[in-house]
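The values are calculated or read from the model by the stated rules, or taken from the named source; none is laboratory data. Note that the coordinates shown come from a computational prediction; the quantities given were computed from them, not determined experimentally. Glycine also receives a Cβ, built like all others from the backbone with ideal geometry; neighbour counts cover every protein chain displayed.
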């Protein structure tokens, strides 16, 4: 007896270790992006921080492409910190110059990576947007600014489609774009309001896929709602998918987008990572030394075979080998 509904889904897209990837959007984009990063894919994730609203994602990509640098007048001062309405709080600092340095360093890196990227992952989270009352500026992060200073607005599918279509036609025609819809429910907006918000996003993605040959969809939302229809796949907040759910979605992602060659490379790299994380019971022994030598050899071979970077791992191994001299 079958106890779940399986999502039948196929794609002609193959993601390889030679592909540069740019990932942007909600916290779910970070879940998938971090797994790609962990397994040594060339990926940049949310260079401005997590973004939930489609128009903020469009604005961020346009800023990355069009803007040369962030300037002092682009910041605001609140709670003893210099901050940006477009960036996560981790970019905020006590000193204006430090905030600008962090933002512009990230901007430069994002500009280079997006330009070279073959694949762009975009994860939409919510259609609810927040605008500053004083100038009707769309903000990506409220930075705990009093809620009375914002207007809340639910964008409709037409707004979202038009905004993304302009972006794709002007800047992303040569990219393979894969949209996902975050399975995280924004229940602070209300259960019914969240469903209506997700509906606007679903309609927007469908239209963009239908009108652009380079735009595709990965059904993470449907996998969680149908294949994982149980609260045991959620964190304690009953909103975010837990590690078990993320692992399940990751495996489905690999089934869909990895061909045989990439899967074999992934398994080899995954095995190496597990060995790197292996806890040595008796450090300083001959067996420990031989284990490190074996790891070093495997790392060098993987770099040569697959064109990946294991710089951090090799540095760690070298430091440990120094103890035996």
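Points worth noting:
- Some residue of segment 25-46 being closer than 25 Å to residue 134 by Cα, surrounded by 20 or more Cβ atoms within 10 Å (Cβ to Cβ), touching a helix residue (DSSP H, G or I) at 6+ places or on another chain (Cβ under 7 Å) and assigned by TED's automatic domain parsing to the domain that holds residue 104: no
Rundown of residues vs (1) within 17 Å of residue 121 (Cα to Cα); (2) in contact (Cβ under 8 Å) with a residue 24 or more places away in the chain, yes/no style:
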site	(1), (2)
161	yes, yes
201	yes, yes
221	yes, yes
232	no, no
237	no, no
243	no, no
265	no, yes
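- Checking 216, 153, 143 one by one, the residue that is over 20 Å from residue 9 (Cα atoms) and part of a strand (DSSP E or B) is 153 and no other.
- Of the residues 297, 263, 270, the single one that is more than 29 Å from the chain's Cα centre (by Cα) and modelled with pLDDT of 95 or more is 297.
- The set of residues from segment 56-74 being crowded, with 21+ Cβ neighbours inside 10 Å and more than 25 Å from residue 155 (Cα to Cα) comprises just one member, 70.
- Subset of segment 217-247 [surrounded by fewer than 18 Cβ atoms within 10 Å (Cβ to Cβ) and within 17 Å of the chain's Cα centre (by Cα)]: 240, 242, 243, 247
- Residues in segment 87-125 that are outside any loop (DSSP other than H, G, I, E, B) and under 21 Å from residue 164 (Cβ atoms): 11 in all.
Quick grid of which residues meet (1) closer than 30 Å to residue 206 by Cβ; (2) touching a strand residue (DSSP E or B) at 6+ places or on another chain (Cβ under 8 Å):
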{"site": "89", "(1), (2)": "no, yes"}
{"site": "102", "(1), (2)": "no, yes"}
{"site": "131", "(1), (2)": "yes, yes"}
{"site": "135", "(1), (2)": "no, no"}
{"site": "158", "(1), (2)": "yes, no"}
{"site": "172", "(1), (2)": "yes, yes"}
{"site": "175", "(1), (2)": "yes, yes"}
{"site": "180", "(1), (2)": "yes, yes"}
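- Residue check, residue 288 loosely packed, with under 14 Cβ neighbours inside 10 Å, without any contact (Cβ under 8 Å) to a residue 12 or more places away in the chain and either part of a helix (DSSP H, G or I) or more than 26 Å from the chain's Cα centre (by Cα) (or both): no
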